[in-house]
Amino acid sequence: MSIFSKLVKPYRRGEKHFERGRAAESRGDFGKAREYFLEGAAAFDEHFEAEPVTGAGVRPSHLVMAGVCYVRIGRDEDGLRVLRECLSRKEIPDAFLNAGYAAAQLGRADEAAELWSGYPSWAGQRVVERALKEQVRLIRSGGADLGAACEAVARAVQEQDRTNARDRNFREAGRRTSEFRQGY
C-alpha cells in the first residue's frame with residue numbers, strides 16, 4: 001500500500017474491488033473474485049462505520065455493491081440487511097437477485113421467493129429473469145431445494161454474463177445483437 005492509499009475514501013476502494021470481483025467472476029476466476037469481494041466488503045465495512053447504512057450519505061449503488069460483496073463471501077445476514085435497505089430506497093435489479101440469494105442461503109424460502117419475484121423485467125436480463133421465475137415457481141409449489149435454487153441462480157448469472165459479453169461484442173463490431181425478439 002502506498003502512502004496515498006489512506007487518502008482514498010473507503011467507498012471508492014469498495015467500488016473498485018466490487019468491479020474487479022465481478023470482472024474476475026465473468027472470467028471464471030472465482031478464487032480471485034473472492035479475494036476482491038473480501039477486500040470490497042472490508043472497505044464497505046469501513047465506510048459504514050463512518051456513515052451508517054441508513055444514513056443519507058450512503059448511496060443505493062454503494063448498498064448494492066456492499067450487499068453483493070457480503071453475499072459472495074458468505075455474510076448472508078449482512079448482505080440481506082444492506083440489500084433490503086437498498087431496495088427501500090431504489091429498485092436495483094441486482095439487489096433483488098442477491099437479496100433473494102442471501103435469503104435462500106439462510107433457509108428463508110418465502111422471503112427468497114418474494115425478493116426474486118420482485119426482479120424487474122425492465123432490467124433486460126432474460127436469462128436471469130427466467131431462472132428466477134422458475135425458482136419462485138418451485139418454491140411456491142413447495143418442491144424447492146434452496147441449495148439447488150441458489151446453484152441454478154448462480155449458473156444463470158454466469159450465463160447472463162456470457163450473453164451480455166457476446167452481445168456487447170456484436171454491438172462494438174457494428175452488428176446487431178443476437179436477440180431475435182427485437183423485431184428489426
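The values are calculated or read from the model by the stated rules, or taken from the named source; none is laboratory data. What you see is a predicted model; the values in this text were computed from it and never measured. All Cβ positions, even for glycine, are placed from backbone atoms using ideal geometry, and neighbour counts span all protein chains on display.
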*Out of all the residues in segment 163-184, is one or more assigned to a helix (DSSP H, G or I), modelled with pLDDT of 95 or more and exposed (fewer than 12 other Cβ atoms within 10 Å of the Cβ)?*
no
*Which of (1) of a type in the set (Gly, Ala, Ser); (2) farther than 28 Å from residue 45 by Cα; (3) in contact (Cβ under 8 Å) with a residue 24 or more places away in the chain does residue 124 not meet, given it meets every other one?*
(3)
_Only listed residue being under 20 Å from residue 157 (Cα atoms), touching a helix residue (DSSP H, G or I) at 6+ places or on another chain (Cβ under 7 Å) and of a type outside the set (Lys, Arg), chosen from 74, 118, 28, 107_ = 118
*Got at least one residue in segment 56-63 being part of a helix (DSSP H, G or I), aliphatic (A, V, I, L, M), assigned by TED's automatic domain parsing to the domain that holds residue 83 and exposed (fewer than 15 other Cβ atoms within 10 Å of the Cβ)?*
no
